[in-house]
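Values quoted throughout were computed directly from the atomic coordinates according to the rules given, and no laboratory measurement underlies them. For clarity, every value in this text was computed on a predicted model and none was experimentally measured. Methodologically, a virtual Cβ is constructed for each residue, glycine included, from the backbone with ideal geometry; neighbour enumeration extends over all protein chains shown.
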Amino acid sequence: QVQLVESGGGLVQAGGSLRLSCTASGSFFRINAMGWYRQAPGKQRELVATLTRGGNPNYADSVSGRVTISRDNAKNTVYLQMNSLRPEDTAVYSCNAGVVGWAKLNEIVYWGQGTQVTVSS
């Protein structure tokens, strides 16, 4: 069983910064892409950023230039550094990971439970 656990959320004033972390635990062969998504109240979940195992990032237009996604493959951890936060960034932020099991037959995407980010104006 694979688990993803996020940390680093909280309350911050507009213009502030937060760094989110997400660590995968369990027994598996490899983690492929990892990513961050967010869901604000009354809205659909949306992409924030993804990062391939090789280090190629992809950012949503709404956060491009303000966030940086990175990962430590040895620690099975992905990070999201968020700067210049805005009230509209308020949401539950969840990470996901594409995990390949020891049989190496396919990839299963796992999700964390999410961490709340609240940006006050």
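Listed values, structure above:
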| read-out | value |
| --- | --- |
| The stretch 1-21, residues that are surrounded by 13 or more Cβ atoms within 10 Å (Cβ to Cβ) and under 17 Å from ILE108 (Cα atoms) | VAL2, LEU4, VAL5 |
| Matching residues in the stretch 10-32 - criterion: being over 14 Å from TRP102 (Cα atoms) and in contact with a Gly (Cβ under 8 Å, 6 or more places away or on another chain) | LEU18, ARG19, LEU20, SER21, CYS22 |
| Count - residues of the stretch 54-77 that are over 17 Å from THR23 (Cα atoms), loosely packed, with under 14 Cβ neighbours inside 10 Å and of a type in the set (D, E, K, R) | 1 |
| Where a residue in the stretch 51-75 is over 15 Å from TYR93 (Cβ atoms) and its partner, wherever it lies, is of a type outside the set (Asp, Glu) and in a loop (DSSP other than H, G, I, E, B), with Cβ under 7 Å and at least six apart | ASN73/ARG53 |
| Criterion: within 21 Å of GLY55 (Cα to Cα), touching a residue at least 24 places away in the same chain (Cβ under 8 Å) and small (Gly, Ala, Ser) - qualifying residue of SER94, SER84, SER120 | SER94 |
| Top-ranked residue of the stretch 22-37 - restricted to ones that are crowded, with 18+ Cβ neighbours inside 10 Å and small (Gly, Ala, Ser), ranked as nearest to GLN116 (Cα to Cα) | GLY35 |
